[in-house]
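Laboratory data are not the source of any read-out in this text; all were calculated from the coordinates shown. What you are looking at is a predicted structure, and each value in this text was computed from that prediction instead of being measured. As a convention, Cβ positions derive from the backbone with ideal geometry for all residues, glycine included, and neighbour counts pool all protein chains shown.
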Ligand code: IPE
Ligand code: IPE
Ligand code: MG
């Protein structure tokens, strides 16, 4: 079966449904976040074993700051712990980890943990793992445009010379191929400000399974669905 699968090079995941999953078990939302964080490692391992080269997960959006302070604090604490633990698992799995999103909006402690993790794993060439943290697609495009505008102001770039490639390279995902497959868990059919530029030709897979139950087997089902897709990129279908 494995041989018949078409393996996407880059998979992006909106990990959703932690709160609902916990609620369904009569537990507080944070219990769902703790369980959800554990699944990240499971899915990284499964992705690597399947031959997926790039995995990007949406961990905290620019909009998630609007949640109750208790929940935001708990999530940041969990993410901080995750960054530290990830240092060990990345080494074990040869994983190169990057954080995308506006890091300047994170606490100094979190920024330090991220810098340490990115520096320690930068030469690993197994799974390329991107964590979207304080990430919003619109905010990412805004920051990229501001960077290009500064060059125009300095006189080193002409507005009419701006290409799509230059915009792509000004994004946080510079050097990372666009996702081939985007998965969203827990039955929500929207992209919630995730990778707006990069998802232009990505195949989407939505599942009812909540993130704390999304394991290697579920990833495999998503890749099976992807295998059956007929990708076009605007071309006509081959006869
Ligand atoms: C996803 O689960 C995790 C984050 C957005 C941080 P949710 O917390 O959104 O869980 P639901 O969607 O409310 O069930
Ligand atoms: C998207 O999930 C953000 C993350 C998974 C980090 P949300 O649960 O925050 O999105 P909405 O509010 O349902 O669109
Ligand atoms: Mg949600």
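Results, tabulated for the structure shown:
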read-out	value
Gained length - residue 230 relative to residue 67, 0.36 nm times residue gap less alpha-carbon distance	54.8 nm
Prolate/oblate/rounded label for segment 75-232 (Cα gyration tensor, a/c 1.5)	oblate
Prolate/oblate/rounded label for segment 157-239 (Cα gyration tensor, a/c 1.5)	oblate
More than 13 angstrom apart: percent of Cα pairs within segment 12-77	68 percent
Mean separation of Cα contacts under 8 Å (6+ apart) over length of segment 73-175, as relative contact order %	28 percent
Relative contact order for the chain, counting Cα pairs under 8 Å that sit 6 or more residues apart, in percent	29 percent
Segments 14-21, 169-176 sorted - mean Cβ within 10 Å per residue, highest first	14-21, 169-176
Distance in nm between pseudo-label sites at residue 148 and residue 118 (7 Å out along the Cβ direction from Cα)	2.2 nm
Between segment 1-34 and segment 210-227, the Cα center-to-center distance that results, in Å	9 Å
With eigenvalues of the C-alpha gyration tensor scaled by 5 and rooted, segment 113-196, Å	27, 19, 13
Debye intensity ratio I(q)/I(0), log10, segment 1-151, q values 0.11, 0.13 Å⁻¹ (C-alpha model)	-0.47, -0.65
Value in Å of the Kirkwood radius, where segment 125-172 supplies the Cα pairs that are averaged	12.2 Å
Extension gain, residue 220 back to residue 167 (0.36 nm per residue minus Cα-Cα distance, nm)	15.8 nm
Distance-filtered residues of segment 134-159 - backbone nitrogen under 18 Å, label point 7 angstrom along residue 196 Cα→Cβ	134-149
